[in-house]
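Asks: One structure follows; several queries about it will come next.
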Amino acid sequence: MIDEAVALLACPHCGAGLDADPPTLLCESGHTFDVARGGHVSLLSGGGGKFTGDSTEMVAARDRFLGSGRYDPIMDAVADVADGHRILDVGVGTGQYLARVLDTVGDSAVGVGVDVSKAAARRAARAHPRAASVVADVWTALPVRTGVIDTALSIFSPRNVPELARVLAPGGRLVVVTPTERHLQELVTALDLIRVDEHKTRRLGDSLAGTFDRADRRAVGYTMSLAPEEVGAVVGMGPSARHIGSADLAARVAALPTPIEVTVAVTVSVYRPAAV
Ligand SMILES: C[S@@+](CC[C@H](N)C(=O)[O-])C[C@H]1O[C@@H](n2cnc3c(N)ncnc32)[C@H](O)[C@@H]1O
Ligand SMILES: [Zn+2]
């Protein structure tokens, strides 16, 4: 975990900055946190929270699907609007978006990936040499210093708006990716998956109103021609994976046409802290 990334972190108990003292991180009050052999660190503020995040199987499916390049246009759009050299990705998943952004914004950029899932944090720890991987729950105070982040990413992930505002530096930006109701619609219909709320984009604006102003919004849309194993991966990494058993999913996928044309339709939005 590189020092420049550790310098962005805060102690979950007292809020003080953290320093690296391998193999631990420590704050000035003497709270210490072990860096796991895999490279991630748990900065959960309490024991046993309500959320566990994505399972090992979901993270593996996400790794396979993103690794196939099928979402590269989304990654490119995110990297295109990211700016500055201190990047935070909340709900980082595998870390593949964070890695793409770090490679794009420049050699001096450092990143922090936060996820409540240990499986995700383990994977994100090896996503990029300049990224720190942290286990934390977005619904508590983020273990990140106040006012130090140039670009915060929230990609298909839960958002704690006041906390995102707190950690952004003056002039910083929040980049949000949300699915539209047309996203993966062929699979949603054919496999009876969980539907995206058709008002999601409006609700995003509502939840940020007063704290952030929208500076940019771009639609990313295209179709992918997916083989059955890719369908299994894209469904397996999403929320429906929690509700459909793997045998049931395999049977439903086997009944689909091969390959199947599937729509990608997401919105990439850039927000700036609202003027007060
Ligand atoms: C749909 S995935 C998106 C992952 C990644 N941003 C991507 O697009 O590939 C949502 C992520 O949010 C994480 N997550 C869910 N609830 C969370 C929470 N309360 N705190 C932190 N992360 C959470 C999940 O573990 C998962 O990795
Ligand atoms: Zn402390």
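Asks: Take the stretch 184-276, compute every pairwise Cα distance, and split them into 10 Å bins from 0; I just need the percent in each bin.
Replies: With a bin width of 10 Å, the distribution comes to 14, 38, 25, 17, 6, 1.
Asks: Below 8 Å, C-alpha to C-alpha, sequence gap of six or more: please give me the relative contact order for the stretch 118-276 in percent.
Replies: 29 percent
Asks: Place a +1 charge on the Cβ of each Lys and Arg in the stretch 3-273 and a -1 charge on the Cβ of each Asp and Glu, then give the dipole magnitude about the Cα centre in debye, rounded to the nearest 20.
Replies: With Lys and Arg at +1 and Asp and Glu at -1, about 380 debye.
Asks: Given the C-alpha centroids of the stretch 134-163 and the stretch 219-240, what is the distance between them in whole angstrom?
Replies: Result: 27 Å between the Cα centres.
Asks: Additional query: Say a paramagnetic label sat at a point 7 Å from the Cα of T258, along Cα to Cβ; which residues of the stretch 223-240 have their backbone N under 19 Å from it?
Replies: 224-236
Asks: Let me check I've understood the local charge: for V266, count other residues with C-beta under 10 angstrom from its C-beta, Lys and Arg +1, Asp and Glu -1. What total comes out?
Replies: So the surrounding residues net to +2.
Asks: Could you state the number of Å between the C-alpha centres of the stretch 164-213 and the stretch 247-276?
Replies: The stretch 247-276 and the stretch 164-213 have Cα centres spaced 12 Å from each other.
Asks: Give the Cα extents of the stretch 3-273 along the principal axes, in whole Å, largest first.
Replies: Ordered largest first, the stretch 3-273 gives principal extents of 59, 39, 34 Å.
Asks: If you keep only loop residues by DSSP, which chymotrypsin sites (Phe, Trp or Tyr not before Pro) in the stretch 19-65 have at most 16 other Cβ atoms within 10 Å of their Cβ?
Replies: Those that pass, being in a loop and sparsely packed, are F51.
Asks: Work out the charge dipole of the stretch 3-273 with +1 on the Cβ of Lys and Arg and -1 on the Cβ of Asp and Glu about the Cα centre, then indicate which of P257, V6, A61 is farthest towards its positive end.
Replies: P257
Asks: Along the three principal axes, how long is the stretch 1-123 when you take its alpha carbons, biggest first, rounded to the nearest angstrom?
Replies: Largest to smallest, the principal-axis extents are 45, 33, 23 Å.
Asks: Ok, one more. Can you tell me what share of the DSSP beta bridges in the chain is antiparallel? A percent to the nearest 5 is fine. Walk me through the intermediate numbers first.
Replies: Numbers: 30 of 52 bridges.
Here the antiparallel bridges make up roughly 60 percent for the chain.
Asks: Can you tally the net charge around T24? Count Lys and Arg as +1, Asp and Glu as -1, for every other residue whose Cβ sits under 15 Å from the Cβ of T24. Don't skip to the answer; put the middle values down first.
Replies: On the way: positive: R37; negative: D3, D19, D21, E28, D34.
With Lys, Arg at +1 and Asp, Glu at -1, the net is -4.
Asks: Name the GluC sites (Glu not before Pro) in the stretch 1-92 that are in a loop by DSSP and that have at most 14 other C-beta atoms within 10 Å, would you?
Replies: E28
Asks: Loop-only GluC sites (Glu not before Pro) in the stretch 198-276, please: DSSP not H, G, I, E or B, and at most 14 other Cβ atoms within 10 Å.
Replies: Numbers: sites: E198, E229, E230, E261; in loops: E198.
Listed in order of number, the matching sites are E198.
Asks: Determine ³J(HN,Hα), in whole Hz, for all residues of the stretch 137-147 in sequence, where each value follows from phi through the Karplus function 6.51 cos²θ - 1.76 cosθ + 1.60 and θ = phi - 60°; x replaces Gly and Pro.
Replies: Here the 3J(HN,Hα) series is 9, 4, 8, 10, 4, 5, x, 9, 5, 6, x Hz.
Values quoted throughout were computed directly from the atomic coordinates according to the rules given, and no laboratory measurement underlies them. Since we're looking at a predicted model, the values are computed, not measured. Don't worry about glycine lacking a Cβ; one is built from the backbone with ideal geometry, like all the others, and counts go over all protein chains shown.
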